[in-house]
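We did not get these values from a lab; they are worked out from the coordinates using the rules stated. Note that the coordinates shown come from a computational prediction; the quantities given were computed from them, not determined experimentally. Heads up, the Cβs are rebuilt from the backbone with ideal geometry, glycines too, and the neighbour counts pull from every protein chain shown.
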Ligand SMILES: Nc1ncnc2c1ncn2[C@@H]1O[C@H](COP(=O)(O)OP(=O)(O)O)[C@@H](O)[C@H]1O
Ligand SMILES: [Mg+2]
């Protein structure tokens, strides 16, 4: 108790203007032993499991709920190289500033390690396709089809493809009046803008598991995958060619 009070006093001081400012950020969560993040993934996971509730898991991160300033928040711990790469893409404050309406705010990230082993974000509520429709007015699958359609257009595939084997027509799966409604929505414009600017594949955003609800809006909770992460961590590597004799 006394140590906590002392820590607080050490971390808060008066700046020139006389305002209280926080000088040093505590590692999150503040009562955790930060050095555990220097240890193996197994040790880190064991440690986190003893202290926090696990609320989710994907292919690359284990996700915990932790209390922060009196509210439930989310800690995402990387479990492999892909998780580190995803944490690195998600620990980009610029991304949240550009797209505040379709993301959950980033609170903090592991600054001791590069790439970050954990990131700390706000907690989103669960979403279903029914809830998505209630919030936006259009069905989630149609929204996804038009994201795929936009990606195809950008890549010269899909309905304008020159090569027959590249021909797909996602747009045709969506009734015309709904196409317009979706394409005019702020949500569609924000998501396609992010896909273009941050080189993100549509496939990530067409899965409902990667969405949540925050402040009454549908938001993307897994924005870690970029084509760059895909290239480094998923794409099959070409086999090294034997050096020929001559
Ligand atoms: N901000 C969040 N709020 C609530 N739940 C979350 C949040 N981020 C992740 N989750 C939960 O954890 C799961 C895995 O997280 P995700 O970011 O998709 O990890 P991965 O990169 O391994 O796929 C999600 O499907 C979701 O259930
Ligand atoms: Mg995921």
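Give me D for region 14-122 in µm² s⁻¹, whole number, from Stokes-Einstein with Rh from the Kirkwood sum over alpha-carbon pairs, 4 °C and 1.567 mPa s. If you can, show how the numbers build up before the last one.
Working: Rh = 14.8 Å.
The diffusion coefficient I find is 88 µm²/s.
Any idea what the relative contact order of region 57-177 is, in percent, if you count C-alpha pairs under 8 Å spaced at least 6 apart?
17
Would you mind putting 173-185, 121-133 in packing order, based on average other-beta-carbon counts within 10 Å, highest first? Mind dumping the intermediate values first?
Details: 173-185: 14.2, 121-133: 16.2.
Highest mean packing first, the order is 121-133, 173-185.
Compute the length gained on full extension between residue 34 and residue 49: take 0.36 nm times their separation in residues and subtract their Cα-Cα distance, giving the result in nm to one decimal.
Taking 0.36 nm per residue and subtracting the Cα distance, the gain is 3.9 nm.
In nanometres, what is the gap between the two model label sites at residue 193 and residue 161, each 7 Å from Cα along Cα-to-Cβ?
Here the answer is 3.0 nm between the modelled labels.
Below 8 Å, C-alpha to C-alpha, sequence gap of six or more: please give me the relative contact order for region 14-122 in percent. Don't skip to the answer; put the middle values down first.
Details: 138 pairs, mean separation 21.2, N = 109.
Here the relative contact order equals 19 percent.
How do the peptides 64-76, 108-120, 141-153 rank, highest first, by the average count of neighbouring beta carbon atoms within 10 Å per residue? Let's see the in-between values first.
Working: 64-76: 16.2, 108-120: 18.6, 141-153: 20.4.
The densest-packed peptide leads the list: 141-153, 108-120, 64-76.
For region 93-199, I need the span (max minus min coordinate) of the C-alpha atoms along each principal axis, in Å, sorted largest to smallest.
Extents along the principal axes: 50, 34, 20 Å.
What is the gain in length, in nm to one decimal, between residue 135 and residue 169 on full extension, counting 0.36 nm per residue of separation less the C-alpha to C-alpha distance?
9.6 nm
What whole-number distance in Å separates the alpha-carbon centres of region 28-107 and region 157-177?
If we compute the Cα centre of each part, the gap is 39 Å.
Once you have the alpha carbon radius of gyration of region 43-104, what is it after dividing by 2.2 N^0.38 Å, with N set to its residue count?
That ratio works out to 1.21.
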